[in-house]
Amino acid sequence: MKWPFPNLLSRRRRRGNHFEGILELFDDHVHIGELLPDGRFLTRFSGPAFARFVGAEPGDVAESSEVWNSCVEPLDRASYDRFWGEVVLGRGAEVTYRLRGLDGVTRTVWHRARARALPDGRLLIQGLVSDVTKHEETIARLADADHRFMHLLDVVGEHVYRAIAHPDGRIEELFQGPGADRLLGGADPDGAMENWTAAIHPDDLPAIATFDAALCEGRDADVQYRLRGYDGVTRWVHDRAIARRGEDGTVQVSGIVSDVTERRRLHSELASAHSALARVVEAMEDHLYTLGPDLDGRYRSVYRGPNLERLTGSPILDHDETDAIWASMVHPHDRGGRDAAMTDLARGEPIELEYRVTGRDGVERIVLDRLRPRLEADGTLLYDGMTRDITDRRNLENELRRAHRAAEQLAITDELTGAYNRRHFTAIAGRALAASPSTFGLLLLDADHFKRINDVHGHLAGDAVLVELVRRLRTVLGPEDVLARWGGEEFAVLLRIDSDDDLARRAAELLDVVAATPVEVRDLRLELTVSIGGIHAGDSLATLDALIEHADHQLYAAKRDGRNRASLPHDAQPPFTTRIA
């Protein structure tokens, strides 16, 4: 038997689902339907988790029985059909089977359904599907899902209801969840909710009338009012409802009622503790404040702590102009971001931002502003804020970042020349050669007669020559070329090249730029040349060790043949093979 899920349009049109505004809180998939006396099955509700169970994104696939049935693992089809056979006979049943999702993932699901005969001969079928794929979570999920299925509304912990708001102002109750008896002090509400209405405090009836009128107009609404319970206790409740207008002009209402008596009591206690908190605020270094809306909707300070002077550099005597004066102190480059944040206050979301202010004492400070929304009982949206001077912290963080970057640079570069060190060059070259060896060539360069420079002119002169050598090499190397000090006066260059001829041309450029002019060290003019050995990488030469070995042989040949020259394999045919210093 096929399980007849409706498509999304049918699901929205069928209003028999009392839990539509609630079940989005759960991970499980819920379905409700009726088997009519004539044998037709009428689906009343298909939960919002359908797409997730069949491995699709919401809206990417139509919610239909064909999609679901096509995902059932063929090996599990027999047990799946037996399960539905039991259900349509009016019995409760459960089955575990697999769904092969549209995303290629196979999920194991636990499907439970129960049937209840209605007085008119219809059979009401309610079902719940849980994803129990993960073995280590299976037992807990099965127990939890069964508990939610058997006691779905009890676990909500609050009173939920479903109603129709008619255009003429009538509110027709369709469904009442458990929890109303607790709010009414032990009395179960009647079908028309007359005893609920009778329990409303007379002073709150106008607010209830406004609430009902908003729902009849198709607007979401909420209201707080008092219920005088049958146990003699008066409770404050918060009634929140979502309204969805139907094509027939009626409005489907999903609501939840919470007992907020304790919340209001705590609010009152917090208000009475304000004076004690104020003393604590005075001992803090941060500036605390509260913003509230004025008549034109803009936010202004309705409370200011005692520490603003620490941020402004001097007292602000005209308290009515404090907000404007503070705004004028904001750094021009940061003013746009702060103004945008202030404009967004009406959205009721937390805000956190940093900006600079220049105090009346001429000192520029970096401040952190944090604002958190707070809704008053009368619906007024306030913001509690804290402004902290974080100048020292930011300066320290900047110093630490600079030190960290410097340490990272030292870890990968040669301290004297600034070229990459051997270890970092090895890592870069290894990755490059692994990706595309044939597009790279390696050159090994050795400063000619460098030992003579050190012996005759000293190591300081030798160091200066190596620094100048790296500077000259960089003038002809491109952004994709990698230069490193391989050791002593020897350097390695990894080049991106097209051919052997390209490698030869690049080697010639390096020879020319190095030998172009003598190196001036103090009052000395030292001639500088290099010998170069090179090799073009390829499939048979795809590792750095292999390239280094071949390039080192070529370097030896260049020095043997007279220095100030490059030596490459014979097929490169460089135009400088006879160049001699």
Rg to Rh for region 222-360: what is it, with Cα atoms only and Rh by Kirkwood? 1.12
So for R0 = 22 Å, FRET eff. of Glu309-Met386 from the Cβ-Cβ r, to 0.05, ends up at 0.90
Let me spell out the model: positive unit charges on the Cβ of Lys and Arg, negative unit charges on the Cβ of Asp and Glu, origin at the Cα centre of the chain. What dipole size does that give, in debye rounded to 20? 840 debye
FRET efficiency for Thr543 and Asn454 from the Cβ-Cβ distance with R0 = 25 Å, rounded to 0.05, comes out at 0.15
Cα gyration tensor shape for the chain, rounded if a/c is under 1.5, else prolate or oblate: oblate
Taking the simple approach of a point 7 Å from Cα along Cα-to-Cβ for both Ser79 and Glu415, what is their distance in nm? 7.0 nm
Quick calc: nm separation of the 7 Å Cα→Cβ label points for Leu524 and Arg52 -> 7.5 nm
Mean separation of Cα contacts under 8 Å, 6 or more apart, over the residue count of region 446-559: relative contact order %: 24 percent
Extension gain from Ser70 to Arg401, taking 0.36 nm per residue of separation minus the Cα-Cα distance: 113.5 nm
Of all the accessible heavy-atom surface of the chain, with the other protein chains kept in place and a 1.4 Å probe, what percent is carbon and sulfur? 52 percent
Positive-end residue of Ala113, Ala165, Tyr230, charge dipole of the chain with Cβ unit charges: Ala113
With a 1.4 Å probe and all protein chains kept in place, how much accessible area does Glu490 have, in Å² rounded to the nearest 10? 40 Å²
Relative intensity, log₁₀ I(q)/I(0), of region 380-507 from a Debye sum that treats every alpha carbon as a point, q = 0.09, 0.11, 0.20 Å⁻¹: -0.42, -0.55, -1.16
With R₀ set to 30 angstrom, the calculated FRET efficiency between the beta-carbons of Thr475 and Ala434, to the nearest 0.05, is 0.50
Contour minus Cα-Cα span, Ala192 to Ala346, at 0.36 nm per residue, comes to 51.6 nm
Just the number please: accessible area per residue for the chain, 1.4 Å probe, all protein chains included, in Å². 53 Å²
By how many nm would the segment from Arg370 to Tyr556 grow when fully extended, if each residue of separation counts as 0.36 nm and the alpha-carbon distance is taken off? 60.3 nm
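The values are calculated or read from the model by the stated rules, or taken from the named source; none is laboratory data. Everything numeric here is computed off the predicted structure, so don't read it as measured data. Neighbour counts are summed over all protein chains in view; Cβ atoms, including those assigned to glycine, are modelled from backbone coordinates with ideal geometry. For accessibility, only protein heavy atoms count, side chains too; no ligands or nucleic acids. Shrake-Rupley method; radii C 1.70, N 1.55, O 1.52, S 1.80 Å.
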